[in-house]
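Undergrad: Got a structure for you, questions after.
The values are calculated or read from the model by the stated rules, or taken from the named source; none is laboratory data. None of these values were measured; they are calculated from a predicted model. Quick reminder, even Gly has a Cβ in these numbers, built from the backbone with ideal geometry, and neighbours come from all protein chains shown.
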Amino acid sequence: VAAKVSGGDGFVTALVVLERRRHIFRVSTGSGELDSLLGGGIESMAITEVFGEFRTGKTQLAHTLCVTAQIPNDAGTYTGGKVIFVDTENTFRPDRLRGIADRFNLEQEAVLENVLYTRAFTSEHQFEILDHVAAQFHEEPGIFKLLIIDSIMALFRVDFSGRGELADRQQRLAQYLSRLQKISEEYNVSVYITNQMTAD
């Protein structure tokens, strides 16, 4: 029975939504306990945010995910794939990936080859990068499994620094998160973002 999709009004049947959701996968964090807390790992078609104080392991988890995203699961329901890492604070260290690859018995150079890296320098640049990310996902459908933003807020805090700019910052951040969610759903990728807790 074919699922009915309505015209241009944006409505679809629940059957269509159910079929889309059957394609959701989870990227393992490399930790059985954390995967269990997350219902199996970092879910696709969704944004997973990890926040905490400076030096609490958020970026280390991002590096681990760069590797684990490339590993097919034992059940055969996840094939593994490439990763895009958007760095806003100059925290990316490819040498860390080598050690993580060794931990999972993967070939180091192959792991590094499957991670695309870019550095954002302003919040506006961070927005522009999303257009390039979407284009990359469109050019290679199904190949990319994970998008990492480390960290989501750093450049917004710099570009919108005063208390008087808080409303503008929150509005711009909401637009950014909305775009991220749309990309994750459209291309069925997991999105992992980090956020540092601050007093502001």
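Undergrad: Name the residue that is nearest to the chain's Cα centre (by Cα), counting only residues in region 79-110 that are closer than 25 Å to Gln170 by Cβ and part of a strand (DSSP E or B).
TA: My answer is Val86.
Undergrad: Taking the condition of being of a type in the set (Gly, Ala, Ser) and either in contact with a strand residue (DSSP E or B) (Cβ under 6 Å, 6 or more places away or on another chain) or on the phi > 0 side of the Ramachandran plot (or both), how many residues in region 148-176 meet it? Spell out how you get there, then give the answer.
TA: Of the residues in region 148-176, the ones of a type in the set (Gly, Ala, Ser) are 151, 154, 161-162, 164, 167, 174.
Add one more test, that the residue is either in contact with a strand residue (DSSP E or B) (Cβ under 6 Å, 6 or more places away or on another chain) or on the phi > 0 side of the Ramachandran plot (or both), and what stays is 151.
The qualifying residues number 1.
Undergrad: Here is a further query. On the basis of being of a type in the set (Phe, Trp, Tyr), in contact with a Leu (Cβ under 9 Å, 6 or more places away or on another chain), assigned to a helix (DSSP H, G or I) and in contact (Cβ under 8 Å) with a residue 24 or more places away in the chain, does Phe156 make the cut?
TA: On the way: of a type in the set (Phe, Trp, Tyr): yes; in contact with a Leu (Cβ under 9 Å, 6 or more places away or on another chain): yes; assigned to a helix (DSSP H, G or I): yes; in contact (Cβ under 8 Å) with a residue 24 or more places away in the chain: yes.
Criteria met by Phe156.
Undergrad: Restricting the search to region 128-172, which residues are small (Gly, Ala, Ser) and modelled with pLDDT under 95?
TA: Step one: list which residues in region 128-172 are small (Gly, Ala, Ser), which gives 134-135, 142, 151, 154, 161-162, 164, 167.
Selection gives Gly142, Ser151, Ala154, Ser161, Gly162, Gly164, Ala167.
Undergrad: Still on this structure, I have one more. Filter region 137-153 for residues that are under 14 Å from the mean Cα position of the chain (by Cα) and assigned to a helix (DSSP H, G or I) and give the result.
TA: Within region 137-153, just Phe137 meets the criteria.
Undergrad: Of (1) under 25 Å from Arg55 (Cβ atoms); (2) touching a residue at least 24 places away in the same chain (Cβ under 8 Å); (3) of a type in the set (Lys, Arg), Lys145 satisfies all except one. Which?
TA: The single condition Lys145 does not satisfy is (1).
Undergrad: Of the residues Glu165, Glu185, Glu109, Glu139, which is over 25 Å from Ile71 (Cα atoms) and of a type in the set (D, E, K, R)?
TA: On the way: Glu185 fails: over 25 Å from Ile71 (Cα atoms); Glu109 fails: over 25 Å from Ile71 (Cα atoms); Glu139 fails: over 25 Å from Ile71 (Cα atoms).
Testing whether each residue is over 25 Å from Ile71 (Cα atoms) and of a type in the set (D, E, K, R) leaves just Glu165.
Undergrad: Here's a follow-up. Taking the condition of being over 13 Å from the mean Cα position of the chain (by Cα) and closer than 27 Å to Ile100 by Cα, how many residues in region 111-125 meet it?
TA: Residues that pass the stated criteria total 7.
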